[in-house]
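A quick write-up on the structure given underneath.
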Amino acid sequence: DLDHVYEALLNTAADLDDLEPDSVLEEAWIKEAVKTSGMKYKWAKLTETKIRENKEVQRQPPPDPAVLVCRPPVVTIMGHVDHGKTTLLDSLRKSQIAAQEAGGITQHIGAFLVQLPSGEKITFLDTPGHAAFSAMRARGAFVTDIVILVVAADDGVMNQTVESIQHAKKAKVPIILAVNKCDKPQVDPERVKQELLAHDVVCEEFGGDVQAIHISALKGDNLMALAEATVTLAEVLELKGDPTGLVEGAIIESRTDKGKGPVTTAIIQRGTLRKGCVLVAGKTWAKVRFMYDENNRSVTEAGPSVAVEIVGWKDLPSAGDEILEVESEQRAREVVEWRAYVEEQDKLKEELQVIEAKQREHQESYKKEREGMEHLSWRQRKAALYRANKHRMAYRAKENVTSEDLILPVIIKGDVDGSVEAILNILSSYDANDQCRMEIVHFGVGDISENDLSMAETFSGIIYGFNVGANKSIQQMATKKGIPVKLHRIIYKLVDDLKDELSSKLPPAI
Ligand code: GDP
């Protein structure tokens, strides 16, 4: 099971911290190598066992203008803290309850609908402040058509007023100015409009196109005028939506309800949502079981610009996630699986890049250390090798590792000191590729011996002989144990052979 291999490899890498290494470099190297091979296993598993074809939802073509219908504007209220956003939302909501006579219990679902006596509708997002606004925009699921900018007449333009203007301008959403707290004595609403000129918000009386309404959110004064100004602007904007075809929308709120389970509020942007529709959002999906409005009344249909609470999610999607309808539950599962796959793939790619960069760094220092070996005496070489092997053995014994993917252990035997040293020098200057490196675990003079075989067995290595032999019993033993013994009489052929071996150990390309 590759998962286990992966876990084991990563744990090994982590546990190496406890080892007291003879060479810090050695340890770092092995650690990175082990980590990478773990990653590559995971990668191989991911790419071999899962979907390869793009299963993302295919976008619908733009709607036929003939099917478009007018839709209500979706409005966000913004402004500086304490300027009256919450009060305004409450008053607007209350005006509706009164109008409905139902006196129903409103629940907070993230949005509510205001209907004017003329029959016109407005959808208000009731998460004031630009936190919601910018989160929405960052996710590319921006749903607001109009921003009502609340400025308290007794306070004037403040920091967050300016920020709100910047948000609206960036998103190219037109502004209506609500000068609030006009019930307070001795306030001067005109001053607010004047101040706003400096921020490129030009009210109608200054020749601009921003409507300004003087209101008192607290007393409910002039709220109808504000609603009418909104409807007027919506008409100018010619807001249209396609009520046919597959549903598209955006999640504006998402929470777990004690009774209902995972619920979300969505603003429908295209199509008409009905019970039984299958939706995907983020990495989860829903078969719509129930829909509710802000008065907790069951709803059977929700068309463009309508906010509706949806019950039926398998998991909780996030605010700002895009909602897309698909043909079937099977298709929904497929899309969700695909998205999880893509995310895992991206994450793995990122991790791998970091590790590979580290590996290259180590490789550089390792190469330098090796280059230094050229000037070492035979005994010094042996001593260095002994230390490295001790460390390797400890590591292998501790973790019960028998072979590593990215390391090619090599044993070099030659006829005389000089030839062995020549080979070692060539190999130490050989610029191994980025992903696999050879490690000389033993070298010496003379024919291939039983000791050589046991070294090769311990490290799962390959034996290279230069101008030496291997008697029959050694050859038989090697064959039995599956140890490759390669005998050469020309140095460069030996080195080429080694390079081939290294290439064959390369992990699958990513
Ligand atoms: P928010 O931070 O923008 O949501 O502001 P709030 O709605 O919480 O209002 C802040 C304070 O201003 C509260 O004490 C409100 O009662 C008060 N307030 C809001 N609107 C008005 C208004 O129109 N007139 C007066 N006099 N006070 C208001």
task: Answer with yes or no whether Gly129 is crowded, with 17+ Cβ neighbours inside 10 Å, modelled with pLDDT under 90 and within 15 Å of the ligand (Cβ to nearest atom).
output: yes
- line: Those residues of the stretch 294-347 that are farther than 23 Å from Lys55 by Cβ, acidic (Asp, Glu) and either within 25 Å of the chain's Cα centre (by Cα) or not in a loop (DSSP other than H, G, I, E, B) (or both) come to a total of 2
message: Condition check: at pLDDT below 90 and out of contact with any helix residue (DSSP H, G or I) (no Cβ under 7 Å at 6 or more places or on another chain). Does Val342 satisfy that?
response: yes
message: Within the stretch 65-110, take every residue that is touching a Ser or Thr at 6+ places or on another chain (Cβ under 7 Å), more than 16 Å from the ligand (Cβ to nearest atom) and at pLDDT below 90 and give me the one that is most open to solvent (accessible area, probe 1.4 Å).
response: Ile97
- request: For Thr256, state whether it is touching a strand residue (DSSP E or B) at 6+ places or on another chain (Cβ under 6 Å) and away from the ligand (no atom under 16 Å from the Cβ).
  value: yes
Cβ pairs under 9 Å, 6+ apart, first in the stretch 80-94 and at positive phi, second open to solvent by 20 Å² or more (accessible area, probe 1.4 Å) and near the ligand (Cβ under 7 Å from one of its atoms): Gly84/Lys181; Gly84/Leu218
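Looking at Ala212, Ala234, Ala266, Ala281, which is the one that is in contact with an Asp or Glu (Cβ under 6 Å, 6 or more places away or on another chain) and aliphatic (A, V, I, L, M)?
Just a single option satisfies the conditions, and that option is Ala281.
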task: Determine, yes or no, whether Ile448 is in a strand (DSSP E or B), closer than 18 Å to Pro409 by Cβ and either in contact with a strand residue (DSSP E or B) (Cβ under 7 Å, 6 or more places away or on another chain) or at pLDDT below 95 (or both).
output: no
task: Within the stretch 462-481, identify whether any single residue is within 48 Å of the chain's Cα centre (by Cα) and in a loop (DSSP other than H, G, I, E, B), and answer yes or no.
output: no
- line: In the stretch 270-303, residues that are closer than 21 Å to Leu113 by Cα, in contact (Cβ under 8 Å) with a residue 40 or more places away in the chain and among the aromatic types (Phe, Trp, Tyr) total 1
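The values are calculated or read from the model by the stated rules, or taken from the named source; none is laboratory data. Computed from a predicted structure; not experimentally measured. FYI the Cβ positions are ideal-geometry reconstructions off the backbone, even for glycines, and counts take in every protein chain you see. For accessibility, only protein heavy atoms count, side chains too; no ligands or nucleic acids. Shrake-Rupley method; radii C 1.70, N 1.55, O 1.52, S 1.80 Å.
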